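Here the structure is laid out as structure tokens; the discussion comes afterwards.
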Amino acid sequence: EAVAGALRSNGIDVSAMHQHHLFEQPRLFYMHFWANGDPATLAGGLRAGLDQTNSAAQLAPVAAVGR
């Protein structure tokens, strides 16, 4: 709910949320969302949603890894 709330408060519509397996650990939920607008504003809204997860941020962009 925290992720969906952060997305909605930033103008991003959450259209679906579900999981694929009943007993997987850790529990994973898939969220579908939709938004139109300024790319930088949308990126800020997505960042607000990601900040609500337990995901570890990468220290380097994926394209720079291994260089």
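The values are calculated or read from the model by the stated rules, or taken from the named source; none is laboratory data. As the structure is a prediction and not an experimental result, all values here were calculated from the model. Cβ: placed from backbone, ideal geometry, glycine included. Neighbour counts: every protein chain shown.
Results, tabulated for the structure shown:
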| read-out | value |
| --- | --- |
| Per-region count, segment 43-67, residues of a type in the set (Val, Ile, Thr) and at pLDDT below 75 | 2 |
| Selected residue (criterion: farthest from Ala48 (Cα to Cα)) from residues of segment 1-24 that are acidic (Asp, Glu) and modelled with pLDDT under 95 | Glu24 |
| Count - residues of segment 1-38 that are part of a loop (DSSP other than H, G, I, E, B) and either touching a residue at least 12 places away in the same chain (Cβ under 8 Å) or not polar (S, T, N, Q) (or both) | 16 |
| Subset of segment 1-48 (residues that are exposed (fewer than 11 other Cβ atoms within 10 Å of the Cβ) and of a type in the set (Lys, Arg)) | Arg27 |
